[in-house]
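Notes follow once the structure below has been shown.
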Amino acid sequence: MNKRIKAFTILEVTITMLVAALVMGITYSAYSIIIKSYGAFNKKNQDMAVVVRLDEWLKKDFSRAEIILKDTAGIALNSPDRHIKYRFDPDVIIRTEIRSDTFKVKTDSLVFSFEGFPVNENGLTDEQNRLDDLDLVILFQGEKIPYHYHKLYSSVNLINRNANAVN
């Protein structure tokens, strides 16, 4: 009696393994594309968070300062209770108060001015180093992003700088 056992042929098993390998390959490729895309998205968001935090600090420090002075490394923002310094390097900006914050951003250009006139050289007095505008261009992922910060000095502050001022 010739009994036949039900089973798959070698050809059927080979085709099934080939289809399974193709499905696994496609799944792995899709997974690695999604992981790389998520990594790039996450890095861009983290880098943008650094730029946004720097912008927030500069705005806050500009508004709180009584006087803003250019110094050799960057700017000093002074008020009776706070002394904050920003140092601008090509690849980082360092904010120093009680502790230091390092912002890893690339700067393209930096322009300091007071009443529309550039302040390029460090003068001998605070008045020669006084600033009311900072124009900063940050390089973010190949794009230039301009930022402008302006200090509105109070009339008391401006009168104190020139004791002979008349109303």
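The values are calculated or read from the model by the stated rules, or taken from the named source; none is laboratory data. Quick caveat, the model's predicted, so the values are computed rather than measured. Here the Cβ positions follow ideal geometry from the backbone for every residue, glycine too, while neighbour counts run over all protein chains shown. Accessible surface is based on the protein model in full, side chains and every heavy atom, while ligands, DNA and RNA are left aside. Shrake-Rupley method; radii C 1.70, N 1.55, O 1.52, S 1.80 Å.
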Checklist line | Every pair of residues 6+ apart whose Cβ atoms lie under 8 Å, when the first sits in the stretch 80-101 and is among the polar types (S, T, N, Q) while the second is open to solvent by less than 30 Å² (accessible area, probe 1.4 Å) | finding: Thr96/Ile84; Thr96/Tyr86
Notebook entry, point to check: Within the stretch 44-64, how many residues turn out to be under 19 Å from Asp133 (Cα atoms) and either basic (Lys, Arg) or not in a helix (DSSP H, G or I) (or both)?
Noted result: 3
Item checked: Residue among Ile34, Ile5 that alone is free of Cβ contacts under 8 Å to residues at least 24 places away in the same chain, open to solvent by 80 Å² or more (accessible area, probe 1.4 Å) and within 30 Å of Ile138 (Cα to Cα) -> Ile34
Notebook entry, point to check: Being touching a His at 6+ places or on another chain (Cβ under 9 Å), in a strand (DSSP E or B), within 24 Å of Gln128 (Cα to Cα) and open to solvent by less than 80 Å² (accessible area, probe 1.4 Å), is that true of even one residue in the stretch 81-95?
Noted result: no
Next item on the list: Would you confirm whether any residue within the stretch 115-134 is open to solvent by 40 Å² or more (accessible area, probe 1.4 Å), touching a residue at least 24 places away in the same chain (Cβ under 8 Å), touching a Lys or Arg at 6+ places or on another chain (Cβ under 8 Å) and at positive phi?
Entry: no
Margin query: For the structure I just gave you, tell me whether Val52 is on the phi < 0 side of the Ramachandran plot, loosely packed, with under 13 Cβ neighbours inside 10 Å and over 22 Å from the mean Cα position of the chain (by Cα).
Written below: no
